[in-house]
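Please treat every number below as a calculation from the coordinates, not as lab data. On a predicted model such as this, the values are computed, not experimentally measured, just so you know.
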Amino acid sequence: MPSHYTPTKAALEAGKHVYCEWPLGRTTAEAVETVALAKANGLVTAIGLQARVNPAVMYMKEQVEAGFVGEVMAVHISMMRDGVLSRPSNRTWQRDAELGANADHRQRPHGRCDALCRRDFRRLSAVVATQAKQWLDTGTRTLLDVTSPDNVLLSGRLASGAVASVHIGAIPFAGSGYRWKSTDATGHWSQRARIPRN
């Protein structure tokens, strides 16, 4: 994950289109630079997000757009995973926010946030927090400071007018899993998807 920028830039400089796992760069500046490089050379960059091609999510999107569930007024997604407070030495890089990732970075944008955010937020506010401040490096048996986020809260209004909220995080024990709920104009809440915790 922290090394996406270097091979992406090298491929673009070699005249190749790039399809890259999310994200395109470790920082916004890296992503903007690679996109600009691609445009300057008549190339295309794309990032891979699983929710974009998930059959269940695509089917739900079609049903919503066809009016099957009525006028969606509110949407809520929650994903609370079990957060491990220790890591082997080869995974402790995920603790550093400067590297642009964390232990759960794939679960957030790939399958959860992107499924909702592709509906286009028109207004958005967010809170990003690091609640677990240290991890145990199981290889060296030392405590390491953590700066990467483990909780993300989003709230806002979608282009359709519906209000939306997302809370994705990792807690030390007993995460509740993944839930996606929405309510229509009749006030009925419907649970769209749920992945129970193991």
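Observations
- Eligible lysines near K9 by straight Cα distance, threshold 18 Å, same-chain separation 8 or greater: K39
- Chain lengthening between N41 and R122 when straightened (0.36 nm per residue, less Cα-Cα): 26.0 nm
- Hits among aspartates and glutamates - C-alpha to C-alpha of K133 under 18 Å, sequence gap 8 or more where chains match: D82, D96, E98, D104, D145, D150
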